């Protein structure tokens, strides 16, 4: 009886080692024997060793006020810039050309989208569970191009199956983050 138990005890680790080695193949190829080429690994379908410049990307050329707005990528996503940014960049804390049209005080009169009310909230100064509303743009929000970027007219490298789920249809065009900014905060 002891002899049978001893044989069984020795057989179990031996079987485990054998099973783990079954999938190993020399040369690091898949069990089918087919190696994956560098072209198959590349989004551009060229060998990985080719250092060609990527194809040029076309950005909007329409001047501000003449471009069609893009639907937001997801609820409360920063809107993409639908117009040309030529001459508007770089943005600095002392020189922000975006404010000339998008400041809420002038946006309506020039037909521009006003800066979101969320940009006039100091999120770092929570007082009694409420956010502090500011009379001017939050100093942490001066760099518009950190979140907002021109929308390139480029062919996707891979299929995008993401579909946004908007809880409120109005968030396809504008943010309501200022209304629900405290969601999930205890």
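Peptide packing for 74-80, 40-46 was compared via the average number of neighbouring C-beta atoms within 10 Å per residue; ordered from the highest value, the list is 74-80, 40-46.
Residues 17, 176 in ascending order of nearby Cβ atoms (within 10 Å, fewest first): 17, 176. Computed over the alpha-carbon atoms, the range 57-153 gives an Rg to Rh ratio of 0.98, Rh here being the Kirkwood radius from the mean inverse distance.
The range 49-88 and the range 99-134 have Cα centres lying 23 Å from one another.
Quick note: the coordinates plus some simple rules give every number you see, no bench work behind them. Quick caveat, the model's predicted, so the values are computed rather than measured. Counting neighbours? That spans all protein chains shown, and the Cβs are built from the backbone with ideal geometry, glycine included.
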